[in-house]
Amino acid sequence: MPAACLSQQVVVIGSANLDLTVIASRLPREGETVLGGELLLSNGGKGANQAVAALKAGAEVRFLAKVGRDPFGDRICRDLVAAGLPADGLLRDESAPTGVALIVVDRQGRNQIAVAPGSNQLLLPVVIEQHEPFLAHGTVMLVQLEIPIVTVERALQFAKAHGMTTILNPAPASALSDDLLRHVDLLTPNETEAEALTGIAVSDLPSAAAAAKALLLRGPHVVIVTLGAQGALLCTASIVQHLPAIPVAAVDTTAAGDAFNGALAAALAGKPQTDTLRTGRLRVLEDIVRFANAAGALTTTKRGAQESLPTKAEIERLLAARPLP
Ligand code: ADP
(Lines give C-alpha, C1' and ligand atoms only; values in the text may rest on other atoms or scores of the structure.)
Protein backbone atom coordinates (compact mmCIF):
# COMPACT_ATOMS: atom_id res chain seq x y z
CA MET A 1 0.00 0.00 0.00
CA PRO A 2 1.50 3.41 -0.86
CA ALA A 3 2.25 5.66 2.10
CA ALA A 4 -0.45 8.15 1.12
CA CYS A 5 -3.13 5.46 1.60
CA LEU A 6 -2.17 4.66 5.17
CA SER A 7 -4.74 6.33 7.32
CA GLN A 8 -4.17 7.96 10.70
CA GLN A 9 -0.71 6.53 11.07
CA VAL A 10 1.15 7.70 14.18
CA VAL A 11 4.80 6.91 14.86
CA VAL A 12 5.91 7.07 18.50
CA ILE A 13 9.58 6.83 19.49
CA GLY A 14 10.07 6.71 23.25
CA SER A 15 10.35 4.96 26.57
CA ALA A 16 8.85 1.76 27.89
CA ASN A 17 9.16 0.97 31.60
CA LEU A 18 7.82 -1.43 34.13
CA ASP A 19 6.21 0.44 37.03
CA LEU A 20 6.61 -1.23 40.45
CA THR A 21 4.18 0.37 42.88
CA VAL A 22 3.69 -0.09 46.61
CA ILE A 23 0.72 1.58 48.28
CA ALA A 24 1.64 2.55 51.85
CA SER A 25 -0.18 4.40 54.63
CA ARG A 26 2.34 7.24 54.19
CA LEU A 27 5.44 8.09 52.17
CA PRO A 28 8.75 7.10 53.83
CA ARG A 29 10.94 9.89 55.22
CA GLU A 30 14.67 9.92 54.49
CA GLY A 31 16.23 6.71 55.81
CA GLU A 32 12.88 5.30 56.88
CA THR A 33 11.25 2.00 55.93
CA VAL A 34 7.46 1.82 55.87
CA LEU A 35 5.51 -1.36 55.39
CA GLY A 36 3.15 -1.24 52.46
CA GLY A 37 0.56 -3.39 50.77
CA GLU A 38 1.15 -5.74 47.88
CA LEU A 39 3.46 -4.91 44.99
CA LEU A 40 1.62 -3.79 41.84
CA LEU A 41 3.32 -4.34 38.48
CA SER A 42 2.13 -2.31 35.52
CA ASN A 43 3.44 -1.21 32.16
CA GLY A 44 4.46 2.42 31.91
CA GLY A 45 6.87 4.86 30.35
CA LYS A 46 5.57 7.94 28.55
CA GLY A 47 6.42 6.51 25.12
CA ALA A 48 4.52 3.26 25.66
CA ASN A 49 1.61 5.03 27.37
CA GLN A 50 1.24 7.53 24.51
CA ALA A 51 1.58 4.81 21.85
CA VAL A 52 -1.21 2.80 23.49
CA ALA A 53 -3.26 6.00 23.93
CA ALA A 54 -2.99 6.82 20.20
CA LEU A 55 -3.85 3.23 19.27
CA LYS A 56 -6.93 3.14 21.50
CA ALA A 57 -7.93 6.58 20.19
CA GLY A 58 -8.20 5.10 16.71
CA ALA A 59 -4.81 5.49 15.01
CA GLU A 60 -2.64 2.88 13.39
CA VAL A 61 0.52 3.13 15.54
CA ARG A 62 4.15 2.14 15.10
CA PHE A 63 6.12 2.35 18.34
CA LEU A 64 9.92 2.19 18.51
CA ALA A 65 11.36 1.48 21.97
CA LYS A 66 14.07 -0.56 23.64
CA VAL A 67 13.63 -2.93 26.57
CA GLY A 68 16.10 -5.35 28.13
CA ARG A 69 16.37 -9.05 27.45
CA ASP A 70 14.92 -9.88 30.85
CA PRO A 71 11.55 -10.96 32.29
CA PHE A 72 10.33 -7.33 32.60
CA GLY A 73 11.15 -6.79 28.91
CA ASP A 74 9.35 -10.04 28.01
CA ARG A 75 6.28 -8.87 29.87
CA ILE A 76 6.24 -5.41 28.23
CA CYS A 77 6.67 -6.87 24.73
CA ARG A 78 3.94 -9.45 25.32
CA ASP A 79 1.46 -6.85 26.61
CA LEU A 80 2.19 -4.18 23.99
CA VAL A 81 1.82 -6.70 21.16
CA ALA A 82 -1.41 -7.98 22.75
CA ALA A 83 -2.62 -4.36 22.86
CA GLY A 84 -2.07 -4.13 19.10
CA LEU A 85 1.37 -2.55 18.62
CA PRO A 86 3.67 -4.20 16.04
CA ALA A 87 6.45 -6.35 17.51
CA ASP A 88 8.98 -5.02 14.94
CA GLY A 89 9.51 -1.80 16.88
CA LEU A 90 10.12 -3.41 20.28
CA LEU A 91 13.90 -3.73 20.37
CA ARG A 92 15.76 -5.81 22.99
CA ASP A 93 19.09 -4.75 24.48
CA GLU A 94 21.55 -7.44 25.59
CA SER A 95 23.53 -5.21 27.95
CA ALA A 96 21.04 -3.14 29.94
CA PRO A 97 18.00 -4.07 32.01
CA THR A 98 14.48 -2.87 31.17
CA GLY A 99 13.68 0.59 32.53
CA VAL A 100 11.92 0.52 35.90
CA ALA A 101 9.97 3.15 37.84
CA LEU A 102 9.85 2.57 41.61
CA ILE A 103 6.72 4.22 42.96
CA VAL A 104 5.38 4.62 46.48
CA VAL A 105 1.82 5.99 46.78
CA ASP A 106 0.17 7.05 50.03
CA ARG A 107 -3.54 6.86 50.88
CA GLN A 108 -4.07 10.46 49.70
CA GLY A 109 -2.64 9.57 46.29
CA ARG A 110 0.64 11.47 46.80
CA ASN A 111 3.62 9.68 45.35
CA GLN A 112 7.40 9.37 45.31
CA ILE A 113 8.97 8.07 42.12
CA ALA A 114 12.53 7.09 41.17
CA VAL A 115 13.24 5.84 37.66
CA ALA A 116 16.12 3.64 36.47
CA PRO A 117 15.98 4.29 32.71
CA GLY A 118 18.02 1.17 31.84
CA SER A 119 17.64 0.20 28.18
CA ASN A 120 15.69 3.39 27.35
CA GLN A 121 19.03 5.23 27.57
CA LEU A 122 20.40 2.93 24.86
CA LEU A 123 17.74 3.85 22.30
CA LEU A 124 20.36 5.74 20.27
CA PRO A 125 19.88 7.80 17.07
CA VAL A 126 21.30 5.04 14.88
CA VAL A 127 18.16 2.93 15.44
CA ILE A 128 16.09 5.47 13.53
CA GLU A 129 17.97 4.98 10.25
CA GLN A 130 18.14 1.24 10.93
CA HIS A 131 14.34 1.15 11.08
CA GLU A 132 13.60 3.61 8.28
CA PRO A 133 11.13 1.37 6.39
CA PHE A 134 9.19 0.78 9.63
CA LEU A 135 9.08 4.47 10.56
CA ALA A 136 8.95 6.33 7.26
CA HIS A 137 5.25 6.02 6.41
CA GLY A 138 3.77 7.84 9.39
CA THR A 139 1.57 10.90 9.15
CA VAL A 140 2.40 12.18 12.63
CA MET A 141 5.52 11.59 14.77
CA LEU A 142 5.06 11.86 18.55
CA VAL A 143 8.06 12.00 20.91
CA GLN A 144 8.75 12.75 24.59
CA LEU A 145 11.94 13.26 26.65
CA GLU A 146 12.49 9.92 28.43
CA ILE A 147 15.05 8.74 25.83
CA PRO A 148 18.40 10.38 24.95
CA ILE A 149 17.91 13.93 23.67
CA VAL A 150 20.08 13.16 20.63
CA THR A 151 17.56 10.48 19.65
CA VAL A 152 14.65 12.88 20.09
CA GLU A 153 16.49 15.36 17.87
CA ARG A 154 17.17 12.76 15.18
CA ALA A 155 13.59 11.50 15.34
CA LEU A 156 12.22 15.00 14.72
CA GLN A 157 14.66 15.64 11.84
CA PHE A 158 13.78 12.25 10.32
CA ALA A 159 10.06 12.99 10.59
CA LYS A 160 10.37 16.38 8.89
CA ALA A 161 12.56 14.87 6.14
CA HIS A 162 9.76 12.34 5.52
CA GLY A 163 6.98 14.93 5.44
CA MET A 164 5.43 14.07 8.80
CA THR A 165 3.87 16.45 11.28
CA THR A 166 5.78 16.40 14.57
CA ILE A 167 4.48 16.60 18.14
CA LEU A 168 6.90 16.99 21.05
CA ASN A 169 5.53 16.41 24.54
CA PRO A 170 8.44 18.00 26.48
CA ALA A 171 8.13 15.67 29.48
CA PRO A 172 9.83 15.31 31.86
CA ALA A 173 10.84 18.98 31.83
CA SER A 174 14.24 19.59 30.30
CA ALA A 175 16.06 22.43 28.52
CA LEU A 176 15.63 22.30 24.72
CA SER A 177 17.75 23.93 22.02
CA ASP A 178 16.24 26.25 19.41
CA ASP A 179 17.58 23.86 16.80
CA LEU A 180 15.50 21.03 18.22
CA LEU A 181 12.40 23.21 18.59
CA ARG A 182 12.63 24.27 14.94
CA HIS A 183 11.68 20.71 13.98
CA VAL A 184 8.60 20.68 16.21
CA ASP A 185 5.18 21.49 14.72
CA LEU A 186 3.14 21.10 17.91
CA LEU A 187 4.61 21.46 21.40
CA THR A 188 2.50 20.22 24.33
CA PRO A 189 3.96 21.21 27.72
CA ASN A 190 1.98 21.02 30.94
CA GLU A 191 2.22 24.01 33.28
CA THR A 192 5.44 22.84 34.97
CA GLU A 193 7.14 22.11 31.67
CA ALA A 194 6.02 25.43 30.13
CA GLU A 195 7.54 27.18 33.13
CA ALA A 196 10.79 25.18 32.95
CA LEU A 197 11.14 25.94 29.23
CA THR A 198 10.47 29.68 29.47
CA GLY A 199 11.21 30.80 33.03
CA ILE A 200 7.68 32.28 33.11
CA ALA A 201 5.78 31.15 36.23
CA VAL A 202 2.64 29.51 34.81
CA SER A 203 -0.26 29.72 37.24
CA ASP A 204 -3.26 30.93 35.20
CA LEU A 205 -4.44 31.51 31.64
CA PRO A 206 -2.58 34.82 31.02
CA SER A 207 0.74 33.36 32.24
CA ALA A 208 0.16 30.15 30.22
CA ALA A 209 -0.49 32.34 27.15
CA ALA A 210 2.68 34.35 27.80
CA ALA A 211 4.75 31.14 28.05
CA ALA A 212 3.12 29.75 24.90
CA LYS A 213 3.87 32.97 22.98
CA ALA A 214 7.52 32.79 24.06
CA LEU A 215 7.70 29.17 22.88
CA LEU A 216 6.06 29.95 19.52
CA LEU A 217 8.92 32.36 18.80
CA ARG A 218 11.37 29.43 19.06
CA GLY A 219 9.89 27.38 16.19
CA PRO A 220 6.70 25.40 16.86
CA HIS A 221 3.61 26.39 14.79
CA VAL A 222 1.26 25.44 17.61
CA VAL A 223 1.76 25.36 21.39
CA ILE A 224 -0.84 23.61 23.55
CA VAL A 225 -0.35 24.08 27.29
CA THR A 226 -2.23 21.39 29.21
CA LEU A 227 -3.74 22.74 32.41
CA GLY A 228 -5.01 19.68 34.29
CA ALA A 229 -8.59 20.25 35.47
CA GLN A 230 -8.58 23.60 33.61
CA GLY A 231 -8.27 21.88 30.21
CA ALA A 232 -5.83 23.25 27.63
CA LEU A 233 -4.70 26.51 26.08
CA LEU A 234 -4.29 26.39 22.30
CA CYS A 235 -1.94 29.02 20.87
CA THR A 236 -0.71 29.84 17.38
CA ALA A 237 0.80 33.05 16.02
CA SER A 238 -2.74 34.37 15.49
CA ILE A 239 -4.95 32.74 18.15
CA VAL A 240 -5.11 32.08 21.86
CA GLN A 241 -8.02 29.79 22.66
CA HIS A 242 -8.87 28.23 26.03
CA LEU A 243 -10.62 24.86 25.73
CA PRO A 244 -11.95 23.99 29.19
CA ALA A 245 -11.63 20.46 30.57
CA ILE A 246 -14.63 18.19 30.44
CA PRO A 247 -15.90 17.88 34.02
CA VAL A 248 -15.66 14.30 35.28
CA ALA A 249 -15.36 12.53 38.65
CA ALA A 250 -11.57 12.27 38.68
CA VAL A 251 -10.06 9.51 40.86
CA ASP A 252 -6.47 9.27 39.54
CA THR A 253 -4.78 11.72 37.17
CA THR A 254 -1.91 9.31 36.30
CA ALA A 255 -1.37 9.27 32.52
CA ALA A 256 -3.84 12.12 31.81
CA GLY A 257 -1.08 13.89 29.88
CA ASP A 258 -0.19 10.68 28.03
CA ALA A 259 -3.84 10.14 27.08
CA PHE A 260 -4.05 13.75 25.89
CA ASN A 261 -0.94 13.48 23.71
CA GLY A 262 -1.78 10.07 22.23
CA ALA A 263 -5.33 11.17 21.38
CA LEU A 264 -4.07 14.48 19.98
CA ALA A 265 -1.68 12.61 17.65
CA ALA A 266 -4.42 10.18 16.56
CA ALA A 267 -6.90 12.98 15.85
CA LEU A 268 -4.31 15.07 14.00
CA ALA A 269 -3.24 12.12 11.86
CA GLY A 270 -6.81 11.91 10.55
CA LYS A 271 -6.78 15.52 9.27
CA PRO A 272 -5.17 17.11 6.19
CA GLN A 273 -1.77 18.07 7.62
CA THR A 274 -0.62 21.10 5.67
CA ASP A 275 -3.95 22.91 5.89
CA THR A 276 -4.32 22.32 9.58
CA LEU A 277 -0.98 23.64 10.68
CA ARG A 278 0.37 26.14 8.21
CA THR A 279 -2.83 28.12 8.01
CA GLY A 280 -3.56 27.50 11.72
CA ARG A 281 -7.13 26.44 10.94
CA LEU A 282 -8.89 27.19 14.16
CA ARG A 283 -11.85 24.82 13.83
CA VAL A 284 -9.68 21.81 13.06
CA LEU A 285 -7.20 22.59 15.83
CA GLU A 286 -10.03 23.15 18.31
CA ASP A 287 -11.59 19.83 17.35
CA ILE A 288 -8.41 17.86 17.94
CA VAL A 289 -7.78 19.58 21.29
CA ARG A 290 -11.38 18.85 22.38
CA PHE A 291 -10.86 15.20 21.45
CA ALA A 292 -7.60 15.16 23.48
CA ASN A 293 -9.29 16.91 26.42
CA ALA A 294 -11.96 14.20 26.44
CA ALA A 295 -9.29 11.46 26.40
CA GLY A 296 -7.44 13.13 29.29
CA ALA A 297 -10.65 13.53 31.29
CA LEU A 298 -11.73 9.90 30.81
CA THR A 299 -8.30 8.67 31.93
CA THR A 300 -8.70 10.45 35.26
CA THR A 301 -11.91 8.50 35.96
CA LYS A 302 -10.00 5.19 36.26
CA ARG A 303 -6.93 4.14 38.23
CA GLY A 304 -3.63 3.23 36.59
CA ALA A 305 -1.83 4.23 33.39
CA GLN A 306 -2.24 2.10 30.26
CA GLU A 307 -5.28 0.31 31.68
CA SER A 308 -7.10 3.63 32.17
CA LEU A 309 -6.71 4.94 28.59
CA PRO A 310 -10.02 5.39 26.73
CA THR A 311 -11.08 4.01 23.35
CA LYS A 312 -12.12 6.19 20.42
CA ALA A 313 -15.76 5.16 20.98
CA GLU A 314 -15.60 6.22 24.64
CA ILE A 315 -14.05 9.57 23.70
CA GLU A 316 -16.68 10.20 21.02
CA ARG A 317 -19.49 9.23 23.41
CA LEU A 318 -18.27 11.74 26.01
CA LEU A 319 -18.00 14.49 23.38
CA ALA A 320 -21.45 13.69 21.98
CA ALA A 321 -22.92 13.91 25.47
CA ARG A 322 -21.53 17.42 25.85
CA PRO A 323 -22.61 19.43 22.77
CA LEU A 324 -20.73 22.65 22.14
CA PRO A 325 -22.33 25.76 23.60
P1 ADP B 1 0.11 15.98 32.88
O2 ADP B 1 -0.50 14.67 33.29
O3 ADP B 1 1.11 15.86 31.78
O4 ADP B 1 0.56 16.85 34.01
P5 ADP B 1 -2.34 17.55 32.76
O6 ADP B 1 -2.48 17.35 34.23
O7 ADP B 1 -2.29 18.95 32.25
O8 ADP B 1 -1.09 16.78 32.16
O9 ADP B 1 -3.57 16.78 32.07
C10 ADP B 1 -3.65 16.57 30.69
C11 ADP B 1 -5.06 16.77 30.22
O12 ADP B 1 -5.93 15.81 30.87
C13 ADP B 1 -5.65 18.13 30.55
O14 ADP B 1 -5.31 19.07 29.54
C15 ADP B 1 -7.14 17.82 30.59
O16 ADP B 1 -7.66 17.78 29.27
C17 ADP B 1 -7.18 16.41 31.15
N18 ADP B 1 -7.38 16.42 32.62
C19 ADP B 1 -6.43 16.34 33.59
N20 ADP B 1 -6.96 16.40 34.82
C21 ADP B 1 -8.32 16.52 34.64
C22 ADP B 1 -9.43 16.61 35.51
N23 ADP B 1 -9.30 16.63 36.86
N24 ADP B 1 -10.68 16.72 34.95
C25 ADP B 1 -10.84 16.70 33.62
N26 ADP B 1 -9.82 16.61 32.73
C27 ADP B 1 -8.57 16.53 33.23
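The values are calculated or read from the model by the stated rules, or taken from the named source; none is laboratory data. Every value quoted in this text rests on a predicted model; they were computed, and no experiment measured them. Using ideal geometry, Cβ is built from the backbone for each residue, glycine included, and neighbour counts are taken over all protein chains shown. To get the accessible areas, we keep the full protein, side chains included, count just its heavy atoms, and leave off ligands, DNA and RNA. Shrake-Rupley method; radii C 1.70, N 1.55, O 1.52, S 1.80 Å.
A few notes on this one:
- Normalised contact order of the chain, rounded percent, pairs of Cα under 8 Å and 6 or more residues apart: 18 percent
- Assigned charges on the beta-carbon of Lys, Arg, Asp, Glu; the range 166-325 dipole about Cα centre (debye): 420 debye
- Computed [θ] at 222 nm, helices only, for the chain once each DSSP H run of length n ≥ 4 contributes -39500 (n - 2.57): -10500 deg cm²/dmol
- The range 63-169 gives an Rg/Rh value of 1.01, both radii derived from C-alpha positions and Rh following Kirkwood.
- Dipole magnitude for the chain: about 640 debye, using +1 per Lys or Arg Cβ and -1 per Asp or Glu Cβ, origin at the Cα centre.
- Only Lys, Arg, Asp and Glu carry charge here, each on its Cβ (+1 for the first two, -1 for the last two); on that basis the range 154-261 has a dipole of about 360 debye about its Cα centre.
- At R0 = 22 Å, FRET efficiency that the Cβ-Cβ distance of Thr301 and Gln108 yields, to 0.05: 0.75
- Within the chain, DSSP assigns beta bridges of which about 40% are antiparallel (rounded to the nearest 5).
- Accessible area in square angstrom per residue, the range 172-216, 1.4 angstrom probe: 42 Å²
- Gyration tensor verdict on the range 1-136 (Cα atoms; rounded if a/c is under 1.5, prolate if a/b is larger than b/c, oblate otherwise): prolate
- Accessible area per residue, Å², the range 93-133 with all protein chains present, probe 1.4 Å: 58 Å²
- Looking at the range 84-176, the DSSP beta bridges with both ends there are about 60 percent antiparallel.
- Gap separating the Cα centres of the range 62-77 and the range 11-35, nearest whole Å: 19 Å
- In plain terms, the bigger the Kirkwood radius, the slower the diffusion; for the range 119-273, with that radius from Cα pairs, at 37 °C and 0.692 mPa s, Stokes-Einstein puts D at 205 µm²/s.
- Its residues counted as N, the range 151-190 yields a C-alpha radius of gyration over 2.2 N^0.38 Å of 1.08.
- Relative contact order of the range 200-325, defined on C-alpha pairs under 8 angstrom at six or more residues apart (%): 23 percent
- Inverse of mean 1/r across different Cα pairs in the chain, Kirkwood, Å: 19.7 Å
- Given their separation in residues at 0.36 nm each and the Cα-Cα distance between them, Leu40 and Lys160 gain 39.2 nm when the chain is fully extended.
- Largest GNM mean-square fluctuation among Ala208, Ala51, Ala24, using the chain with Cα springs under 10 Å: Ala24.
- Once the chain from Ser203 to Val248 is taken as fully extended at 0.36 nm per residue, the excess over their C-alpha distance is 14.0 nm.
- Positive-end extreme of charge dipole, the chain - chosen from Ala96, Gln241, Leu85 (charges on Cβ): Gln241
- To put it simply, the accessible area of the chain at a 1.4 Å probe is 55 percent carbon and sulfur.
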